[in-house]
Amino acid sequence: MLGLRFLLRLPEPLLRLVAGRPVEVDGLRPAITAQVLMRVAKYAPFDAPHQNGELTRARRELNLAGMLAGGRIGRSVVTTDHSCRGPGGILRLRLYTPPGLAAPSPALVFFHGGGFVLGSIETHEGACRLLAEEAGVRVVSVGYRLAPEHPFPAAAEDAISAYRHVHGHAAEFGADPGRLAVGGDSSGANLAAVVAHASARGEVPRPAFSMLLTPATDALGQSRSHHLFARGFRLDHDEWAWYRSQYTPNAADYTDPRASVRYDEHVSGLPPTYIATCGFDLLRDEGEDYARRLAEAGVPVVHRRHDGQLHGFTNRVGIDPDARAALLYAAGVLKAGLALG
């Protein structure tokens, strides 16, 4: 991780040498840092952890990498650990509070990515610190149950339960329940959207705002971008399919709205939403289709495609200047959205 930080901060002429020949797909070219990451990934191809019994090790190493990558971000942000009772037991919560922020304040309930299998509060420590600091909000990061030990709909149930708890105990978190947003990245963005859709069905109070970063919205995985970026762009189709098989082993669940919000009919009551997609991401088109669907239903939507970025930029904010810029943009939209709300 330290080596990647050094590599991605090399002067541009040196970065171009490392990146190799320019790549162009669908009329787009990746950022230089993204192309370097693509080249590095060729020497460390995805190997499903369950194939060699190392899922626990993979999770531990990803947690460590997340802490190393995010350790230098938002050092003045104060963290406190909390918990709540979920459908399957106790859920970990971590509160990030920027210095000098009076209570009650706007707040974000955040769900980490990792394909519903990997990831944790620790892997997204840097992203949560940056969002808290730059958006001027309290952030509550949720440690939900992971597959394959806890397959669908465990994560969705935990997300709804955690959001309901934070809203109902807002004073304990210094949060204003009327200015409470939901957000996440990748599978975590899926869970944030699941919470928003639950609010449209009247199951939980409506969030003031929704922030979806490279969201997974369709477990069928049949969009054009799934074919364009099936291999060699950080998140390969085989890796994505393995995550899907762990979380939703029953194909009949692929179109359940709690797994694929794209198939939920309850759209018109959703909160104002920011959706970020990346130009070189197999989830790109399903995220953009979802943004269009919300806009057509009259939901206030801001969509931004980061043309040169790869999937999962929130995990790289401590090492990749381009990824950091993408999350800073999201922080600005979140701040504005909660202020307007």
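For the chain, modelled as a GNM whose springs connect Cα atoms under 10 angstrom apart, the maximal fluctuation among SER210, SER187, SER76 occurs at SER76. A simple spin-label model places pseudo-atoms 7 Å from Cα toward Cβ; at LEU17 and ALA325 they are separated by 2.3 nm. Computed per residue of the chain from DSSP H runs no shorter than four, each worth -39500 (n - 2.57), the mean residue ellipticity at 222 nm is -12000 deg cm²/dmol. Averaging the Cα positions of each part gives two centres, and for region 235-253 and region 168-189 these lie 28 Å apart. Per residue, region 241-341 exposes an accessible area of 37 Å² to a 1.4 Å probe, with every protein chain left in place. The packing ranking of peptides 168-175, 287-294, 112-119, 22-29, highest mean first, is 112-119, 287-294, 168-175, 22-29, where packing means the average number of other beta carbon atoms within 10 angstrom of each residue.
For HIS227 and ALA103, what is the calculated FRET efficiency with R₀ set at 41 Å and r taken between the beta-carbons, to the nearest 0.05? Each step should come with its number before you reach the end.
On the way: r = 49 Å, r/R0 = 1.18.
According to the calculation, E is roughly 0.25.
Positive end of the dipole of region 257-341 (Cβ unit charges, origin at the Cα centre): among ALA326, LEU338, SER268, the Cα lying farthest that way belongs to LEU338. Computed from point charges on the beta carbon alone (+1 for Lys and Arg, -1 for Asp and Glu), the dipole magnitude for the chain about its Cα centre is near 780 Debye.
When all alpha carbon pairs of region 178-225 are counted in 5 Å bins from zero, the resulting P(r) reads 6, 23, 24, 22, 14, 6, 3, 1 %. Taking springs between alpha-carbon atoms closer than 10 angstrom, which of PRO87, PRO30, PRO148 fluctuates most in the Gaussian network model of the chain? For the chain, modelled as a Gaussian network with Cα springs under 10 Å, the answer is PRO87. Across the alpha-carbon set of region 185-341, the Rg to Rh ratio works out to 0.95, Rh being the Kirkwood radius.
Please work out the Kirkwood hydrodynamic radius for the chain, using every pair of different C-alpha atoms, and report it in angstroms with one decimal place. The partial results should precede the final answer.
Numbers: mean 1/r = 0.0505 Å⁻¹.
For the chain, inverting the mean 1/r across all distinct Cα pairs yields 19.8 Å.
Just the protein heavy atoms count here, and of the accessible area of the chain at 1.4 Å, carbon and sulfur take up 53 percent. Its Cα centre serving as origin, region 168-260 has a Cβ charge dipole (Lys and Arg +1, Asp and Glu -1) of approximately 220 debye.
The values are calculated or read from the model by the stated rules, or taken from the named source; none is laboratory data. Every value quoted in this text rests on a predicted model; they were computed, and no experiment measured them. In this analysis, Cβ positions are derived from the backbone assuming ideal geometry, glycine residues included, and neighbour counts consider all displayed protein chains. The accessibility values were calculated without ligands, DNA or RNA, using every heavy atom of the protein model including side chains. Shrake-Rupley method; radii C 1.70, N 1.55, O 1.52, S 1.80 Å.
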